[in-house]
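Colleague: Quick one: this structure, given as structure tokens, is what I'll be asking you about.
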Amino acid sequence: MRKQQGFSLLVVMAMGIVAATVVLMFLKIVPVYSEYYAVKETLDAMAQTPGKTEDELRRDFANRAAVQDIVSLRAGDLVIVSSPTIIGVGARYSREVPLRDHVKLVFDFEYQAGAPVLKDAK
């Protein structure tokens, strides 16, 4: 008679719980980073259009944010330096992702495009 091999029911259930937790975390974190890349793409595109005023740039960001579903950052939160030849656009923001009752993940993002506009926060 051969010895039985394999996983017990408890081990299979524990592995299922771990796998479900990893998948849930992945599904909660991916939208945060996709929004960051949308912000990054938007700021890069804005920095490529010199000659716009600060108000025009903020309006442009608000329009792009509505299309790309950027909810963590508003046009008023941008740091903008605009002149006829140079544009600098930057943003520093946080995003919280709730996990359970009193547990949440906090992501801090910072990005600038064009001329340097953000000062080091110390």
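The values are calculated or read from the model by the stated rules, or taken from the named source; none is laboratory data. Everything numeric in this text was worked out from a predicted model, so none of it was measured. Please note: Cβ atoms are built from the backbone with ideal geometry, for glycine as well, and neighbour counts cover all protein chains shown. Protein only, heavy atoms only, side chains kept; ligands, DNA and RNA dropped before computing areas. Shrake-Rupley method; radii C 1.70, N 1.55, O 1.52, S 1.80 Å.
Colleague: Would you mind giving the average projected area, over all directions, of the Cα convex hull of the chain in nm² with one decimal?
Modeller: Working: hull surface 49.4 nm².
Orientation-averaged projected area of the Cα hull: 12.4 nm².
Colleague: Loop-only trypsin sites (Lys or Arg not before Pro) in the range 1-90, please: DSSP not H, G, I, E or B, and at most 15 other Cβ atoms within 10 Å. All intermediate terms of the calculation are to be shown ahead of the outcome.
Modeller: Values: sites: Arg2, Lys3, Lys28, Lys40, Lys52, Arg58, Arg59, Arg64, Arg74; in loops: Arg2, Lys3, Lys52, Arg74.
In loop regions of the range 1-90 (DSSP not H, G, I, E or B), the sparsely surrounded trypsin sites (Lys or Arg not before Pro) are Arg2, Lys3, Arg74.
Colleague: Roll a 1.4 Å probe over the protein chains and send me the accessible area per residue for the chain in Å². Present the calculation step by step, with values, prior to reporting the outcome.
Modeller: Details: 8920 Å² over 122 residues.
It amounts to 73 Å² per residue over the chain.
Colleague: Let me ask you something else. Just to confirm the number: angle between the C-alpha axis of helix 54-68 and the first principal axis of the chain, 0 to 90 degrees, nearest 10?
Modeller: 30 degrees
Colleague: Further question: Among the lysines, which have Cα under 30 Å from the Cα of Lys40 when same-chain residues fewer than 8 positions away are ignored?
Modeller: The qualifying lysines are Lys28, Lys52, Lys104, Lys119, Lys122.
Colleague: Another one. At q = 0.17, 0.21, 0.31 Å⁻¹, what is the base-10 log of I(q)/I(0) for the range 38-86 according to the Debye formula with one equal point scatterer per Cα and no solvent? Please give it to two decimals.
Modeller: Treating every Cα as an identical point scatterer, log10 I(q)/I(0) equals -0.44, -0.67, -1.34.
Colleague: Right, something else. Taking the Cα atoms only, what angle lies between the long axis of helix 9-47 and the longest principal axis of the chain, rounded to 10 degrees?
Modeller: In the chain, helix 9-47 runs at an angle near 10 degrees to the longest axis.
Colleague: If R₀ is 35 angstrom, what is the calculated FRET efficiency for the pair Arg74 and Ile17, using the beta carbon separation as r and rounding to 0.05?
Modeller: Values: r = 39 Å, r/R0 = 1.11.
About 0.35, to the nearest 0.05.
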